[in-house]
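Trainee: Before anything else, here's the structure in question.
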Amino acid sequence: MVVLNRIYTRTGDSGKTSLGSGERRPKNDLRIEAYGTIDEANCAIGLARVSTSIAPHCARVDAMLLCLQNDLFDLGADLCVPESDEGVAPQYEPLRIVQAQVDRLERKIDELNAELPPLQSFVLPGGSPAAAALHLARTVTRRAERLLVALADAPGEKVGEPALKFVNRLSDFLFVAARYVNRKGEGDILWVPGQNR
């Protein structure tokens, strides 16, 4: 269990921070950027939950979002303790995203999508406050995914395959959830190509 009894430590005043392994890195390090953006995606989901938690037709999605917020903390914990090839075992078993979390997310996508009509065009973000917030969370998640891919490709860095899959599926889930909370697609606003020429 995490215990936080001091909020500021002054150890980051020089522009560096500690990974979960104790290693110090600059605050603009790619790994820090990656899990910081995961935190940002989690906050965007929290903002969406302001709407989904009070709308009766969104209760199912709201429960899923709460579960995902916890999973995103797991992902942040995963990313803040880099995997090592050096054979140095950490003092504790690092928390890692596992395939079961990806599988559960895929099931949730399929459950919600089964109740939606097929799309005839791309969806413009909006329709309802909950849907607009979920679309924002989706785009932040896509940015986080781009950072995770860059991190996985960086020399000396590793990102677990389930973590990459999870963040990819999460943006898909948020898209489907946005349509679901838009009265199962009835409130979707569709793109009309060239409409304003």
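Trainee: So which residues in segment 1-50 are of a type in the set (Ser, Thr, Tyr) and modelled with pLDDT of 95 or more, if there are any at all?
Mentor: Across segment 1-50, the qualifying residue is only 37.
Trainee: Output the qualifying pairs, or none if there are none: Cβ atoms under 6 angstrom, residues six or more apart or on different chains, first residue in segment 123-139 and assigned to a strand (DSSP E or B), second residue among the hydrophobic types (A, V, I, L, M, F, W, C) and open to solvent by 10 Å² or more (accessible area, probe 1.4 Å).
Mentor: 124/189; 124/191
Trainee: Run down 47, 72 and say which single residue is open to solvent by less than 20 Å² (accessible area, probe 1.4 Å) and under 17 Å from residue 171 (Cβ atoms).
Mentor: Step by step, each of 47, 72 is checked, and only 72 is open to solvent by less than 20 Å² (accessible area, probe 1.4 Å) and under 17 Å from residue 171 (Cβ atoms).
Trainee: Right, something else. Residues in segment 97-111: is at least one without any contact (Cβ under 8 Å) to a residue 60 or more places away in the chain, surrounded by 21 or more Cβ atoms within 10 Å (Cβ to Cβ) and in a helix (DSSP H, G or I)?
Mentor: So far as segment 97-111 goes, no, none of its residues is without any contact (Cβ under 8 Å) to a residue 60 or more places away in the chain, surrounded by 21 or more Cβ atoms within 10 Å (Cβ to Cβ) and in a helix (DSSP H, G or I).
Trainee: For residues that are more than 18 Å from the chain's Cα centre (by Cα) and open to solvent by 50 Å² or more (accessible area, probe 1.4 Å), scanning just segment 128-167, find the one that is farthest from residue 100 (Cα to Cα).
Mentor: Of everything passing the filter in segment 128-167, 129 is farthest from residue 100 (Cα to Cα).
Trainee: For residue 142, state whether it is out of contact with any Pro (no Cβ under 8 Å at 6 or more places or on another chain), part of a helix (DSSP H, G or I), of a type outside the set (Asp, Glu) and without any contact (Cβ under 8 Å) to a residue 40 or more places away in the chain.
Mentor: yes
Trainee: List the pairs whose first member sits in segment 155-168 and is over 21 Å from residue 45 (Cα atoms), whose second member is of a type in the set (A, V, I, L, M), and whose Cβ atoms are under 6 Å apart, counting only residues at least 6 apart or on separate chains?
Mentor: 157/151; 159/148; 159/151; 159/152
Trainee: Hey, does segment 171-183 have a residue that's in a loop (DSSP other than H, G, I, E, B) and under 21 Å from the mean Cα position of the chain (by Cα)?
Mentor: The answer is yes; a qualifying residue exists.
Trainee: Among the residues of segment 127-154, count how many are touching a strand residue (DSSP E or B) at 6+ places or on another chain (Cβ under 7 Å) and of a type in the set (D, E, K, R).
Mentor: Result for segment 127-154: 0.
The values are calculated or read from the model by the stated rules, or taken from the named source; none is laboratory data. Remember, predicted model here, so these are calculated numbers, not experimental data. All Cβ positions, even for glycine, are placed from backbone atoms using ideal geometry, and neighbour counts span all protein chains on display. Protein only, heavy atoms only, side chains kept; ligands, DNA and RNA dropped before computing areas. Shrake-Rupley method; radii C 1.70, N 1.55, O 1.52, S 1.80 Å.
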